[in-house]
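Below is one structure, written out as structure tokens; comments come after it.
The values are calculated or read from the model by the stated rules, or taken from the named source; none is laboratory data. In this text the structure is predicted, and so the values were computed from the model without any measurement. Note that we place each Cβ from the backbone using ideal geometry, even for glycine, and neighbour counts take in every protein chain shown.
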Amino acid sequence: MLGIYRWILFPISIPSFVVVLIWQFTSAWNDFLFAVVLTGNRSWPITVALNNMAGSQIIAWNVQMAGSLLAALPTLLVYIFLGRYFLRGLLAGSLKG
């Protein structure tokens, strides 16, 4: 029974596991409300720091764009490196016909 799981079911389900991993990473990385409520003023995550960079009178667009690029870079790298599995996992549950 364990051999069936190891050699048949596990290789088939790897793309689905990768899709769940990518979505969970994206959700945790972009979590804003949880970070605002539970963190102190010294240890803000990057999403909260980006929100606090917005000025009321003068907006430094170059700094905000650089910060948003740095904030999006880890998620972008995960999608680039695991994109093949992401597409396989999304298409695994679709109907063919």
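Here's the yes/no breakdown for (1) surrounded by fewer than 12 Cβ atoms within 10 Å (Cβ to Cβ); (2) in contact (Cβ under 8 Å) with a residue 12 or more places away in the chain; (3) in a helix (DSSP H, G or I); (4) not hydroxyl-bearing (Ser, Thr, Tyr):
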position: Tyr5; (1), (2), (3), (4): yes, no, yes, no
position: Ser13; (1), (2), (3), (4): no, no, yes, no
position: Ser16; (1), (2), (3), (4): no, yes, yes, no
position: Leu21; (1), (2), (3), (4): no, yes, yes, yes
position: Thr47; (1), (2), (3), (4): no, yes, yes, no
position: Gly67; (1), (2), (3), (4): no, yes, yes, yes
position: Pro74; (1), (2), (3), (4): no, yes, yes, yes
So Arg42 fits all but one of (1) in a helix (DSSP H, G or I); (2) modelled with pLDDT under 80; what number is the exception? (1)
Hey, can you tell me all the residues within region 49-63 that are loosely packed, with under 10 Cβ neighbours inside 10 Å and either modelled with pLDDT under 80 or under 20 Å from the mean Cα position of the chain (by Cα) (or both)? Ala54, Ser56, Gln57, Ile58
